[in-house]
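First up is the structure itself, then whatever we jot down about it.
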Amino acid sequence: MTEPTVVISLDLELSWGMFDLSFDDRLLKVARWTHDVGAPNLLNHLTRNGLSATWAVVGAMMRASLPDVSGLPEVRYPHFSKPWFTYVPKEGDELTHPEWFGARLVDMIRQAKPEQEIGFHSFSHVPFGLAGMTRERAVAEYVHCVQTAKELGIATTSFVFPRNSVAYLRELRDAGFTCFRDVDELPVRFASETLTRLGMICADFVGLAPRTIEPSLKEGLVSIPGSLLIRCAADWRKYIPDSSRLRRLRKGLERVRRSGGVFHVWFHP
């Protein structure tokens, strides 16, 4: 049993995270707020309280502008048939398009004390496990992450798959990464994925205790499943009572304190 450990991982993605599902002014507005206000405020909160986290950052947004992506094989998903970089500004930079690029934000995180870990949330937020993804694109995503890491002096240790859609683990290992966030260990799971999702929504509303996890090896990589996704307070999620959110966090902390293991909390800044 692992000694009691709390892990915080943060998916920092700006507009990259949702443009294939819904691209509109609201998405861009929220992404600008995250760049300018949300992520810096969260970083300040962590450092004031002496806390470290793993910031899983989309590789392309670590730059001040879009690098050459001509070598990335195209993907065609059933839900998004356009070329993947259709909406990304080709001539813009972080000053004109902070909803897409965050080089200064990444520098701020890297300079923070206590030290924060910078991980990768893929290079361009393609869902790895969906129909339409190819091995060639997965390998190219990993290669672009490694190139970005070398240019910026970032370790290729931690990887978080977009939307927790885990695939191509051997290729991830061969690229030089050593650990990844695996799918959540849920307190309730049904044969039907839809029922499982509904069950987890109910768990948020009633404050059900999350599980602690144990790291394991998969394909030569350290697998660290999530324990608790803290949902953003938008749309229907704003109706989840803060008291229920806090109840789940406190129950998870008490469980890991009492029984050991890893309590892995993750969310989107």
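The values are calculated or read from the model by the stated rules, or taken from the named source; none is laboratory data. Being a predicted model, the structure only gives us computed values, none of them experimental. Positions of Cβ are generated from backbone atoms using ideal geometry, with glycine treated the same way; all protein chains shown enter the neighbour counts.
For region 61-80, name all the residues that are touching a helix residue (DSSP H, G or I) at 6+ places or on another chain (Cβ under 8 Å) and farther than 22 Å from G129 by Cβ. M62, R63, A64, L66, P67, G71 - these are the residues of region 61-80 that are touching a helix residue (DSSP H, G or I) at 6+ places or on another chain (Cβ under 8 Å) and farther than 22 Å from G129 by Cβ.
When T5 is tested against (1) under 23 Å from Y77 (Cα atoms); (2) in contact with a His (Cβ under 9 Å, 6 or more places away or on another chain); (3) surrounded by fewer than 19 Cβ atoms within 10 Å (Cβ to Cβ); (4) of a type outside the set (K, R), exactly one condition is not met: (1). E94 passes every criterion in (1) over 20 Å from the mean Cα position of the chain (by Cα); (2) among the charged types (D, E, K, R); (3) surrounded by fewer than 12 Cβ atoms within 10 Å (Cβ to Cβ) apart from (3).
Quick check on S158: is it surrounded by 14 or more Cβ atoms within 10 Å (Cβ to Cβ), on the phi > 0 side of the Ramachandran plot and of a type in the set (G, A, S)? So S158 does not fit the description; no. Looking across region 161-180, just one residue is in contact with a strand residue (DSSP E or B) (Cβ under 7 Å, 6 or more places away or on another chain), in a helix (DSSP H, G or I) and buried (at least 21 other Cβ atoms within 10 Å of the Cβ), and that is L172. Out of curiosity, is R163 within 29 Å of Y239 (Cβ to Cβ), of a type outside the set (S, T, N, Q) and in contact (Cβ under 8 Å) with a residue 12 or more places away in the chain? Here the answer is yes, as R163 does meet what is asked. If I filter region 207-243 down to residues being polar (S, T, N, Q) and over 17 Å from R197 (Cα atoms), which single residue comes out as modelled with the lowest pLDDT? Among those residues, the one meeting the criterion is S243. Going through (1) surrounded by 18 or more Cβ atoms within 10 Å (Cβ to Cβ); (2) part of a helix (DSSP H, G or I); (3) in contact with a Leu (Cβ under 7 Å, 6 or more places away or on another chain) one by one, M108 falls short only on (1).
Among the residues of region 35-84, the ones that are without any contact (Cβ under 8 Å) to a residue 40 or more places away in the chain, assigned to a helix (DSSP H, G or I) and charged (D, E, K, R) come to 1 in all. The numbered conditions (1) touching a strand residue (DSSP E or B) at 6+ places or on another chain (Cβ under 8 Å); (2) closer than 15 Å to V6 by Cα; (3) of a type outside the set (K, R) are all true for G260 except (1). Is it the case that L28 is part of a helix (DSSP H, G or I) and either crowded, with 20+ Cβ neighbours inside 10 Å or in contact with a Ser or Thr (Cβ under 7 Å, 6 or more places away or on another chain) (or both)? When the stated conditions are applied, L28 passes them.
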